[in-house]
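Just so you know, all these numbers are worked out from the coordinates, no wet-lab data involved. What you are looking at is a predicted structure, and each value in this text was computed from that prediction instead of being measured. Here Cβ is always computed from backbone atoms with ideal geometry, including for glycine, and neighbour counts include all displayed protein chains.
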Amino acid sequence: HHVRHREGWIEVICGGMFSGKSEELIRRVRRARIAKQKVEVFKPAIDDRYHPEAVTSHNGVHTAAVPVRSAKAIMEQVTDDVNVVAIDEVQFFEDEIVDVCQQLADRGVRVICAGLDQDFRGRPFGPTPTLLALAEYVTKLQAICVKCGGPAGRTQRLVNGKPASSEEPVIQVGAKEQYEARCRHCHEVVE
Ligand code: ADP
Ligand code: ZN
């Protein structure tokens, strides 16, 4: 005889900006659909800006996604027979996203979260660290450091061309800012 295992777990894809998190999330979503799984993709609507209804990677690949204002909205919108729930930019959700992922996984859903594990100061970012601890599977991706070409785990924030100060808010709407992939050694934070 054989014992059938039960479905439902959490996968987290983390790393800095440009490390390929969205690319990897889209790849997993595409493969799940090839396997005839019912997949629903969500992303946070963080402010009043226009939110295209898609997850798009810096390399151009994209997949349709539902922008939601809260983690609770994911619970309200997932369908009962969903097999896979994918959530991009998971760092922007409130801590309640952790419970949402746990509940979905407990009831048999494969939950795939992608998000930044560190903010621009190199500190653990929002709910991602907790999700890393609770997940069954964790993939940590590295980008390429734009300064030295080494593996880049950090995200450099530049405000008006200069390294951002640690005092500046993590989410700053409207500033002239830019982000770069950098390694630990090339990453700069103005105290
Ligand atoms: P993330 O979701 O982690 O920000 P994306 O999936 O959006 O990453 O983008 C990954 C793509 O970004 C790579 O496949 C590559 O084409 C492009 N890219 C641009 N700059 C870099 C960099 N410094 N290091 C690695 N990839 C980069
Ligand atoms: Zn470097």
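A few remarks follow.
- Pairs from the table (Lys43/Lys176; Lys72/Lys176; Lys43/Lys140) lying more than 27 angstrom apart at Cα are Lys72/Lys176.
- If you bin all the Cα-Cα distances of segment 17-122 at 10 Å, starting from zero, the percentages per bin are 15, 49, 32, 4, 0.
- Each 10 Å bin from 0 upward holds the following percent of the Cα-Cα pairs of the chain: 9, 35, 35, 15, 4, 1, 0.
- Relative contact order for the chain, counting Cα pairs under 8 Å that sit 6 or more residues apart, in percent: 27 percent
- Based on alpha carbons, the Rg and Dmax found for segment 80-191 are 16.1, 49 Å.
- One Cα centroid belongs to segment 104-158, the other to segment 58-97; the line between them spans 16 Å.
- Computed packing ranks the peptides 70-77, 91-98 as 91-98, 70-77, most packed first, by mean other Cβ atoms within 10 Å.
- Area projected by the alpha carbon convex hull of segment 72-123, averaged over all directions, nm²: 3.7 nm²
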